[in-house]
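Everything below concerns the one structure shown next.
Read-outs: derived from the displayed coordinates by stated rules, not from any lab. If you're wondering where the values come from, they're calculated on a predicted model, not measured in any experiment. Cβ atoms come from the backbone with ideal geometry, glycine included; neighbour counts cover every protein chain shown.
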Amino acid sequence: MDLSKTLTIYGRKPVLEALSDTALSPQRLHLADSNKPGGIVSQIETAAKRRDIAISYHDRLALSRISKNGKQDQGVALDLFCPNYSALEELLSSRAESPDKPFRGLLLDGITNPQNVGMIIRSGCAAGIDAIFYPKKSVAALGPLVIKASVGTAFRAPIVFCDDALNCVQALQAADIRIAVMDSHAERSLFDEQNRTNTVFVLGGETDGASSAIKNAANLSLRIPMQNGVESLNVAVTAALISFLG
């Protein structure tokens with residue numbers, strides 16, 4: 001099983017919905033051996049057997065290690081194959097083989113609101129962004145709230161997992177990809193970058209924006225022109241504007 005392309009979801013209702021969606025590719029169902037028989041658990045088992053999905057039974061501690069959220073997994077977890085997912089190293093290797101191919105990406109940096117993350121994924125996926133870089137640290141976990149806010153696009157989006165945002169920035173720059181941060185005081189407008197490629201746009205946290213280290217490392221700073229005294233936009237709205245620039 002390629003872990004970089006595997007998303008483990010948890011919770012009885014989300015798992016049953018995923019098993020019922022023929023567009024998704026479940027790999028293995030994980031159940032707590034302490035689950036009471038009947039009800040929705042039986043429906044989940046039946047749905048998995050109908051699709052010939054392997055089922056594994058675990059004690060609650062072992063299951064919590066799989067779901068990574070023992071308090072909320074409700075004794076159920078499901079591994080999904082997401083073919084558009086990749087690790088940063090895999091993407092960089094692919095870029096090295098096709099360095100002239102146009103590339104635009106989004107990098108999440110300190111965004112902790114799952115709804116914002118989900119909406120960013122939805123916009124990026126809808127606009128055809130090449131990669132959404134998802135650090136393992138300092139960003140809301142790719143769990144039920146993010147998936148719900150993404151309206152299911154989290155399963156199909158080109159998500160690239162990385163350890164942390166700064167290391168990701170440095171690796172991308174080494175591959176001749178520009179890093180742009182959003183800054184309301186920047187001289188250049190985002191719209192000056194329309195149709196520019198080989199750029200990854202950093203989307204900073206809801207309160208403090210991009211980290212100082214990433215601002216210092218970035219190749220350029222951009223602002224979104226605003227009127228009527230408006231100082232800033234929600235980060236998910238900013239992501240939508242960037243994603244559809246073309």
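In which sequence would Glu97, Glu17 go, from the one with the fewest C-beta neighbours within 10 Å to the one with the most?
Values: Glu97 7, Glu17 15.
Listed from fewest to most nearby Cβ atoms, that is Glu97, Glu17.
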Alpha-carbon Rg/Rh ratio, for segment 66-151, with Rh computed the Kirkwood way: 1.01
Length-normalised contact order of segment 86-243 in % [C-alpha pairs under 8 Å, at least 6 apart]: 30
Rounded tilt (10° steps) of 39-50 against the dominant C-alpha axis of the chain: 80
Translational diffusion of segment 1-46, µm² s⁻¹ [Kirkwood Rh, Cα pairs; Stokes-Einstein; 20 °C; 1.002 mPa s]: 183
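Glu187 to Val151: FRET efficiency via 1/(1 + (r/R0)^6), r the Cβ-Cβ distance, R0 41 Å, to the nearest 0.05?
Working: r = 36 Å, r/R0 = 0.89.
According to the calculation, E is roughly 0.65.
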Leu233 versus Ala62: modelled label distance in nm, points set 7 Å from Cα along the beta carbon direction: 4.9
For segment 143-204 versus segment 58-137, the gap between their alpha-carbon centres in whole angstrom: 13
Calculated log₁₀ intensity ratio I(q)/I(0) where the Debye formula runs over C-alpha points of segment 3-81, q = 0.13, 0.16, 0.17 Å⁻¹: -0.32, -0.49, -0.56
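Calculate how large, on average over all directions, the projected area of the Cα convex hull of segment 173-225 is; give the answer in nm² to one decimal.
Over all viewing directions, segment 173-225 projects a mean Cα-hull area of 3.8 nm².
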Computed over segment 153-246, Kirkwood Rh from alpha-carbon pairs, angstrom: 14.2
Alpha-carbon Debye profile of segment 86-243, log10 I(q)/I(0) at 0.08, 0.09, 0.12 Å⁻¹: -0.20, -0.25, -0.46
Across the chain: Cys residues that no other cysteine approaches within a C-beta distance under 4.7 Å: Cys82, Cys125
